[in-house]
């Protein structure tokens, strides 16, 4: 993992009471799933600023996944490796939250992280990774 963990809400951000009902979450998901990873990152960031604790880390995992795919698309191997380490730290072993299940999400991202780690060509299509809400059973 790289970088410090900030679990506090940004002092200028309004607290987010129910992230699952915040339109910025769905806006970011739609952008992400259309392959607009940078814009998804930008959509989620103001929401992230209003979160605290585990909620903040969870969303940060998705933000970093978006940044990881941007770096992958640009061929920045070290950026992919760093972001992948951070994504795993924030999402691995976590339960679904707000209808987002990190287990299948991480499984989709793993080949991209492995490409960077192994020295393989960064040649996968980044638009194939999807972040979808799951329906409660």
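Of all residues in region 27-38 being free of Cβ contacts under 8 Å to residues at least 40 places away in the same chain and assigned to a helix (DSSP H, G or I), which is nearest to residue 4 (Cα to Cα)? Applying the filter and picking the extreme gives 38. The listed residues are 53, 93, and the only one of them that is modelled with pLDDT under 95 and at positive phi turns out to be 53. Taking (1) at pLDDT 95 or above; (2) under 20 Å from residue 112 (Cα atoms) in turn, residue 2 satisfies each apart from (1). One residue is enough: does region 39-53 have a residue meeting the conditions in a helix (DSSP H, G or I), under 11 Å from the mean Cα position of the chain (by Cα) and surrounded by fewer than 18 Cβ atoms within 10 Å (Cβ to Cβ)? Yes, the conditions are met somewhere in region 39-53. One residue stands out in region 125-137 among those that are within 19 Å of residue 80 (Cα to Cα) and either in contact (Cβ under 8 Å) with a residue 24 or more places away in the chain or part of a loop (DSSP other than H, G, I, E, B) (or both): the one that is farthest from the chain's Cα centre (by Cα), namely 125.
Taking the criterion of being touching a helix residue (DSSP H, G or I) at 6+ places or on another chain (Cβ under 9 Å) and not in a helix (DSSP H, G or I), the residues of region 76-115 that qualify are 76, 92, 93, 94, 95, 96, 97, 98, 99, 100. The single residue among 78, 9 that is farther than 21 Å from residue 132 by Cβ, surrounded by fewer than 22 Cβ atoms within 10 Å (Cβ to Cβ) and modelled with pLDDT of 95 or more turns out to be 78.
Kindly indicate the residue of region 4-25 that is part of a helix (DSSP H, G or I) and touching a residue at least 12 places away in the same chain (Cβ under 8 Å) and also nearest to residue 80 (Cα to Cα) among those meeting that condition. Applying the filter and picking the extreme gives 25. Farther than 22 Å from residue 6 by Cβ and touching a residue at least 12 places away in the same chain (Cβ under 8 Å), is that true of residue 122? Considered against the rule, which asks whether it is farther than 22 Å from residue 6 by Cβ and touching a residue at least 12 places away in the same chain (Cβ under 8 Å), residue 122 comes out as yes.
The values are calculated or read from the model by the stated rules, or taken from the named source; none is laboratory data. For clarity, every value in this text was computed on a predicted model and none was experimentally measured. All Cβ positions, glycine included, derive from the backbone under ideal geometry; neighbour counts span all protein chains shown.
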